[in-house]
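Accompanying notes for the structure given below.
The values are calculated or read from the model by the stated rules, or taken from the named source; none is laboratory data. For clarity, every value in this text was computed on a predicted model and none was experimentally measured. Note: ideal-geometry Cβ built from the backbone for every residue, glycine included; neighbour counts use all protein chains shown. To get the accessible areas, we keep the full protein, side chains included, count just its heavy atoms, and leave off ligands, DNA and RNA. Shrake-Rupley method; radii C 1.70, N 1.55, O 1.52, S 1.80 Å.
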Amino acid sequence: MHRRPPRLFPPLLLLLAALLLTGCGVDGDQAALCRKLIPAFEPGPVTVSDTAAMAGEEPTLRLTYRAGAETHWIACRFGGRFFDSRRHELVAVATDRMGWLTPMQFTMLRVWAGLPAARLGLPPEATGPERGPRTDWAPVLFFLQQVINAATVACVYGLLALGYTLVYGILGQINLAMGELTMIGAMLTAMGAAALGMAGLGGLPLAVLGVFATVMAFTAVQGWTMDRLVFRRLRRAHSHTPLIAAVGLSIAWQEGMRLLQGARDWWPAPFLADRHELFSDGAFTVTALTSQAAILLMTGGLYTLLWAVMQRTAYGRAHRACADDVEAAELVGVDVDRTVAITFAVGGALAAAAGAVIALYYGGVNFYTGYLVGFKALAAAVVGGIGSVPGAMLGGALLGLVETFWSAYFAIAYKDIVAFGLLTLFLIFRPDGLMGRSRGRGD
């Protein structure tokens, strides 16, 4: 008797339809940007009661809100609709008390809000010469811009995913506290960048590189200490005790940093923020920052160095031996404890590198920075094949592309659903990931 194959197409079609429906109706990103302008007109707390699209050729949203006992509204006009490259560009603003703002008032509002929109967590507006009429090349250039933006996101996820995959490859366990090492690296980098700024050295690449190296060394020591004091004692525990210990370490680091530094965000000065125009058709300009090139070079250098270490050093051979069979490696003289400790240190250094990228490129780091980033990097490691070093970078690249393109063409509010939905699909249909392999031992 043959089992009937599962019917996958209807559920997948429903999932695709649900994702596409998120792009219908009111643009969630435009509503979020308009909502963040309300405090400029209302000093007290407000409650948004309605969000609606106004009729007209130009996309305009109207938010109705309550301030105390009074009801007011604010209207925001944008440069484009769904799938348009200018959908995040604020064109004009009106309120029920002031009408449409004058050019001077609108300029002051943009300065108050910190536009361009990158400060509000939205994709940056294209810069360059005065915009001309839309051409057939504008969608292609917008697509290319998203590829450039995705490269930086992929570096963050790929570096942290490497830390996850190295530890899992040797122990068969997931260290959920790795995300907090990223948070520590981000916070220390922000502090170091602030110190360089006060000393007048913030513009020197060598000084910033020194901060990078110091933070990575400090976090490597944190990773080594984490193994030495916690996980080595739980090495022989055949239960979920190491996982629970990792969760406890994660919470302890979060709360410790919150008590030491508070819950405020750190915004370091932009690093290598020169913007270069690559392509333009008069309607849209593809740009890239010097910092993006530096991040790509740093990530490529770290990955090449890690590959060389894993392939051509005694530690790399010991790591591969332990990944194949810990007991057999121990029998032939491999120092398993030392190999695992070095692996935790290397993973901590890579996590700090991801945190440094977050601090100097994105900014806004706080004690909670590593929580969601850590889970997304874990998703990248699983998608690529956890335990595979090339798979970790591939998973990070795929997740960065998915997140960036979803944010560009659909509502940003749903990008985390898409990321973890991708992880769920891979766990169901390809549990070993793209480049992973089934583990040979019964850990």
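Structure notes:
- Test for Gln311: is it surrounded by fewer than 15 Cβ atoms within 10 Å (Cβ to Cβ), modelled with pLDDT of 90 or more and not acidic (Asp, Glu): yes
- The one condition in (1) over 21 Å from Met393 (Cα atoms); (2) in contact with a Phe, Trp or Tyr (Cβ under 9 Å, 6 or more places away or on another chain); (3) in contact (Cβ under 8 Å) with a residue 60 or more places away in the chain that Met298 fails to fulfil: (1)
- Criterion applied to Leu306, Leu297 was being in a helix (DSSP H, G or I), hydrophobic (A, V, I, L, M, F, W, C) and surrounded by 14 or more Cβ atoms within 10 Å (Cβ to Cβ), and the one residue passing it is Leu306.
- Test result for Ala31, buried (at least 16 other Cβ atoms within 10 Å of the Cβ) and at pLDDT 85 or above: no
- For Thr165, the criteria (1) open to solvent by 20 Å² or more (accessible area, probe 1.4 Å); (2) closer than 23 Å to Ala318 by Cβ; (3) among the polar types (S, T, N, Q) hold in every case but one, which is (1).
- On the stretch given as the stretch 230-276, residues that are in contact with a helix residue (DSSP H, G or I) (Cβ under 7 Å, 6 or more places away or on another chain), charged (D, E, K, R) and loosely packed, with under 13 Cβ neighbours inside 10 Å total 1.
- Single residue of the stretch 168-183 satisfying the filter (open to solvent by less than 10 Å² (accessible area, probe 1.4 Å) and either touching a strand residue (DSSP E or B) at 6+ places or on another chain (Cβ under 6 Å) or of a type in the set (A, V, I, L, M, F, W, C) (or both)) that is farthest from Ala263 (Cα to Cα): Ile170
- For Tyr362: the one exception among (1) open to solvent by less than 30 Å² (accessible area, probe 1.4 Å); (2) without any contact (Cβ under 8 Å) to a residue 40 or more places away in the chain; (3) aromatic (Phe, Trp, Tyr): (1)
- Top-ranked residue in the stretch 398-419 [being open to solvent by less than 60 Å² (accessible area, probe 1.4 Å) and aromatic (Phe, Trp, Tyr); ranked as nearest to Gly28 (Cα to Cα)]: Phe410
- Scanning the stretch 379-389 for residues that are polar (S, T, N, Q) and at pLDDT 85 or above turns up at least one hit.
- Residue in the stretch 7-14 that is at pLDDT 70 or above and either open to solvent by less than 60 Å² (accessible area, probe 1.4 Å) or in contact with an Asp or Glu (Cβ under 9 Å, 6 or more places away or on another chain) (or both) present: no
- Glu58 being under 30 Å from Asn149 (Cα atoms), in contact with a strand residue (DSSP E or B) (Cβ under 6 Å, 6 or more places away or on another chain) and assigned to a loop (DSSP other than H, G, I, E, B): yes
- For the residues Ala52, Ala117, Ala92, the requirement of being at pLDDT 80 or above and in contact with a helix residue (DSSP H, G or I) (Cβ under 8 Å, 6 or more places away or on another chain) singles out Ala92.
- Here the condition is being of a type outside the set (Phe, Trp, Tyr) and assigned to a loop (DSSP other than H, G, I, E, B); of Gly355, Gly348, Gly370, Gly333, it holds for Gly333 alone.
Results for (1) touching a His at 6+ places or on another chain (Cβ under 7 Å); (2) under 30 Å from Gln173 (Cα atoms); (3) aromatic (Phe, Trp, Tyr); (4) touching a residue at least 40 places away in the same chain (Cβ under 8 Å), shown as yes or no for each residue.
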{"site": "Leu229", "(1), (2), (3), (4)": "no, yes, no, no"}
{"site": "Arg232", "(1), (2), (3), (4)": "no, yes, no, yes"}
{"site": "Trp267", "(1), (2), (3), (4)": "no, no, yes, yes"}
{"site": "Pro270", "(1), (2), (3), (4)": "no, no, no, yes"}
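- Taking the criterion of being within 21 Å of Ala113 (Cβ to Cβ), open to solvent by 70 Å² or more (accessible area, probe 1.4 Å) and under 31 Å from the mean Cα position of the chain (by Cα), the residues of the stretch 54-92 that qualify are Arg62, Arg86.
- Among the residues of the stretch 319-335, those identified as buried (at least 17 other Cβ atoms within 10 Å of the Cβ) and more than 12 Å from Gly169 (Cβ to Cβ) are Ala329, Val334.
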